[in-house]
Amino acid sequence: MGARLRLRPRARHLGRAGTSASGESDASVLAYAPMSMPPRKSQRAVRAGSLVIGAGAPISVQSMCATPTRDVAASVAQCEALHAAGAGLVRLAVDTARDVEALAEIRTQTRAALVVDLQENYRLAEKVAPHVDKIRYNPGHLHHHERARSIRDKVAQLVQVAGANDCALRVGVNCGSVAPEYDARFPGDSIGAMLECAWDHCEMLDSLGFTRYVVSLKDSDPHKVVEANQRFVERRPDVPLHLGVTEAGLLPGGEIKTRIAFEQLLARGIGDTLRVSLTLPNERKPEEVEIGRAILADVAAGRFRSVPDLSGLNIISCPSCSRVENQSFVELAEKVRELTLYAKDHDVTIAVMGCRVNGPGETDDADLGLWCGPRAVNLKRGGEKLGSFGYDEVLSRVREELDRLIELRQG
Ligand code: SF4
């Protein structure tokens, strides 16, 4: 990102211990009580394990494992590290039967409250629900399978499974994977499409008699995150919100983008739990939680640190997770940043994504997009696919394309 961004010096004080549904203090789960925060708008309390989200409950910080879920030892270690850093919930991606087996094992070895992230594979819900406290489903990926079945029918299945397993749900709408019907109904209006999708799913869940859910509306543009969440609560102030700037990317840019959205929303009483999505090597993943806590501490103390100047080169990159197609993804994102520093003053957006779940969609909106495959990286110029290149050859191609883009714009 361009060199015109500044951050005020970081506050060092910590927050109060979170309070579990049973009232005992849980020192490892740090959250921010509303008395130091502007009052929350959401009226519903949603319990996920011992954590309460919404209705004025302390605001919790979440994170997600970037280890392969099937690697039980590595995933348990990351869950424990995130829990120790103060994460109220830790999310794991599950896509296969092998992941399900591993999740069951991880559950028995970690103190962290767990959330499962289901994308296309919502049919695994029944198998994973006994091992988690919350299920996140992406409405934008429910149409891929069982095309003859209605979305409502699939949501009813998720409700039945969550109800039977004492789980909460999250309707996780993401700009990189909005359901096609909403994109078609709101051409060129990604926020309108995300909002309508979220409101429809709220009505579906309510009509199914299930109110134990939270909603997230995530975009890689912090200003869109602010607008989407503000407009959402105008119609549904009762529903707790999970805040996130998706694919915020590498530090320090990723923290600044996140602060631009979170500081504005939290100060307006919007947001009941949050996740800071950063592209970090696995061993540094707890920094997501530390930065989330620091943002809460700053807002609670009335300190606003982000300076909303997003001009210049903007790198969007995902925080990685078990679905990442190649473990050198984070390194690739860092190399793209190093390579493109010479162009920091040019208003160009480059997206670097770890896999095909949000890769294709998120890269469509970028000037240049890279999304990873197991052995090659797919390169795009906007919506146009330029080809697949080896991990050792794609950077030179990115340089060529960026030079060409800058030349074109300088006319
Ligand atoms: S783009 Fe893929 S690898 Fe990256 S966070 Fe999303 S699902 Fe995980």
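The values are calculated or read from the model by the stated rules, or taken from the named source; none is laboratory data. Just so we're clear, the structure is a prediction, and the values are computed from it rather than from any experiment. Cβ sites come from the backbone with ideal geometry, for glycine too, and all protein chains shown count toward neighbours. Ligands, DNA and RNA are excluded from the accessible area calculation, which covers all protein heavy atoms including side chains. Shrake-Rupley method; radii C 1.70, N 1.55, O 1.52, S 1.80 Å.
Of ARG147, ARG98, ARG293, the residue with the largest accessible area leads and the full order is ARG147, ARG98, ARG293 (1.4 Å probe).
In the range 312-410, the portion of solvent-accessible area held by carbon and sulfur atoms comes to 46 percent [1.4 Å probe, whole percent, DNA, RNA and ligands not counted]. DSSP assigns beta bridges within the chain; of those with both partners inside it, close to 35 percent run antiparallel.
With the contact rule set at Cα under 8 Å and sequence spacing of 6 or more, what percent relative contact order holds for the range 312-410? Worked out over the range 312-410, it gives 23 percent. Between GLU146 and GLU101, the modelled labels are 2.4 nm apart [label points 7 Å from Cα along Cα→Cβ]. When the residues GLU263, GLU120, GLU393 are ordered by accessible surface, computed with a 1.4 Å probe over the protein chains alone, the sequence from largest down reads GLU393, GLU120, GLU263. Ligands, DNA and RNA excluded, the heavy atoms of LYS335 present near 90 Å² of accessible surface to a 1.4 Å solvent probe. Compared with the dominant principal axis of the Cα atoms in the chain, helix 287-300 is inclined by about 70°.
Per the Debye calculation on the range 108-215 with a single equal scatterer at every Cα and no solvent contribution, log₁₀ I(q)/I(0) for q = 0.09 Å⁻¹ amounts to -0.22.
Residue separation of ASP403 and LYS344 scaled by 0.36 nm, minus their Cα-Cα distance, works out to 20.0 nm of gained length. Residue ranking by accessible heavy-atom surface, 1.4 Å probe, largest first, among ARG136, ARG397 comes out as ARG397, ARG136. Can you list which of the GluC sites (Glu not before Pro) found in the range 308-365 are DSSP loop residues with at most 11 other C-beta atoms within 10 Å? Answer by residue number: there is no such site. Where only DSSP H runs of four or more residues are counted, the chain gives -11000 deg cm²/dmol as its mean residue ellipticity at 222 nm, each run worth -39500 (n - 2.57).
Normalised by the number of residues in the range 172-266, the average gap of Cα pairs under 8 Å and 6 or more apart makes the relative contact order 28 percent. Reported to the nearest whole Å, the Cα centre-to-centre distance from the range 147-225 to the range 376-400 is 32.
Length gained on full extension, ALA376 to ASP153: 76.5 nm, using 0.36 nm per residue less the C-alpha separation. When DSSP assigns beta bridges and you keep just the ones with both residues in the range 268-411, what percent turn out antiparallel, to the nearest 5? Roughly 60 percent of the DSSP beta bridges within the range 268-411 come out antiparallel. Among the protein heavy atoms of the range 243-295, carbon and sulfur supply 50% of the accessible surface, probe 1.4 Å, non-protein parts ignored.
For the chain, the Kirkwood estimate of the hydrodynamic radius, built from every pair of different alpha carbons, is 21.3 Å.
Relative contact order of the chain, taken over Cα pairs closer than 8 Å and 6 or more residues apart, is 17 percent. The residues of the range 10-306 expose, per residue, 33 Å² of accessible area to a 1.4 Å probe. Neighbours of GLN157, meaning other residues whose beta-carbon lies under 12 angstrom from its beta-carbon, give a summed charge of +1 when Lys and Arg score +1 and Asp and Glu score -1.
Can you give me the solvent accessible area of TRP371 with a 1.4 Å probe, rounded to the nearest 10 Å²? Taking all protein chains as shown, TRP371 has close to 50 Å².
Residues in the range 261-267 carry Karplus couplings, in order, of 7, 5, 4, 5, 6, 4, 5 Hz; the curve used is 6.51 cos²θ - 1.76 cosθ + 1.60 with θ = phi - 60°, and Gly or Pro positions show x. Checking the cross-link pairs LYS154/LYS257; LYS41/LYS127; LYS154/LYS380; LYS127/LYS218; LYS134/LYS335 against a 30 Å limit on the alpha carbon distance flags LYS154/LYS257; LYS41/LYS127; LYS154/LYS380; LYS134/LYS335 as lying beyond it.
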